[in-house]
1. Please get the size of the charge dipole for region 75-175, origin at its Cα centre, with Cβ charges of +1 on Lys and Arg and -1 on Asp and Glu, quoted in debye to the nearest 20.
2. Give the residue list of chymotrypsin sites (Phe, Trp or Tyr not before Pro) in region 30-101 that are DSSP loop and have at most 12 other beta-carbon atoms within 10 angstrom.
3. Can you give the Kirkwood hydrodynamic radius of region 3-71 from its Cα pairs, in Å with one decimal?
4. Could you compute how fast region 75-175 diffuses translationally, taking Rh as the Kirkwood radius over C-alpha pairs and applying Stokes-Einstein at 4 °C with viscosity 1.567 mPa s? Give it in µm² per second.
5. Given the peptides 225-235, 151-161, arrange them by the average over their residues of other C-beta atoms within 10 Å, most packed first.
6. Within a Cβ distance under 13 Å of residue 211, other residues only, what is the Lys/Arg minus Asp/Glu net charge?
7. Please report the net charge: other residues with Cβ closer than 13 Å to the Cβ of residue 124, K and R +1, D and E -1.
8. Residue 194 to residue 216: FRET efficiency via 1/(1 + (r/R0)^6), r the Cβ-Cβ distance, R0 30 Å, to the nearest 0.05?
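Rule-based calculations on the coordinates, nothing more; no lab input. Just so we're clear, the structure is a prediction, and the values are computed from it rather than from any experiment. Virtual Cβ from ideal backbone geometry, glycine too; neighbours counted across all protein chains shown.
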Amino acid sequence: MTEDQIIGLLSQNIIYLAAAIFIIVVILKGIRIVPQSEKFVVERFGRLHAVLGPGINFIVPFLDVVRHKISILERQLPTASQDAITKDNVLVQVDTSVFYRITEPEKTVYRIRDVDGAISTTVAGIVRAEIGKMDLDEVQSNRAQLISTIKSSVEDAVDDWGIEVTRAEILDVNLDQATRDAMLQQLNAERERRAQVTKAEGAKRAVELNADAELYAAEQTAKARRIEAEAEAYATEVVARAIAAHGLEAAQYQVALKQVEALNALGNGAGKQTIILPANALEAFGDAFKLLKGGK
């Protein structure tokens, strides 16, 4: 082969090699493999053309350019602290944390520059506004409701940025030292008030129980006296019927019975076993014994 033929052959091979390299480059430029956790924003002539999802995607080489590779994983903003004033004019410091993810990258990259900063500013404004509608006690007791309200408000605010707020948290609500001291004094006063109320209620209950006991005792005494009176009335009625039926003898019998009972009681007394009676008293007792014997 002549020198010209060799040069021609080499030139032809170089052209083929260049063509092959160009084809490979075109193929590589036209194929984009997107990871599962990302989305690619493609521009054509400087304008938004397409958003590539996970997997194999094809674009027009040299015309389409991948300008942004956006992670769609959930993100957490750094914990932020902001001051807020409650409805009852108490200064509180609220620590918040927000979780979000990008769902529409084409909105995020063309409508907002600093996503984290924008969301943090939005959350701070919403937190101050919502806490300003509530008293301090409501902030402490209705934290779940406050979190839900803040999350809903943030979602509405960032919707145009292609962002989904997945979770919002209020980590802590801090008070200044003066407010803490005042709340502690109030808490101690409330405990003292409750203790005094409990003590007063106990004293009241004791008085009520004592009164109930005295009333019960009085009722029982009255009941006993009534029964005793009924028994005496019954005995009197029996004596009256006996006198009405038997006349003087029944009356003398009752008198003799009472005399015997009195003498018996006197004789059973301590230190009184010896009894001195006048003679006429013995005659009276003798008559009484006769009546008793006759009554039997």
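1. With only Lys, Arg, Asp and Glu charged at Cβ, the dipole is about 180 debye.
2. 45, 62
3. Kirkwood hydrodynamic radius for region 3-71: 14.1 Å.
4. 94
5. 151-161, 225-235
6. With Lys, Arg at +1 and Asp, Glu at -1, the neighbours total -2.
7. -3
8. 0.40
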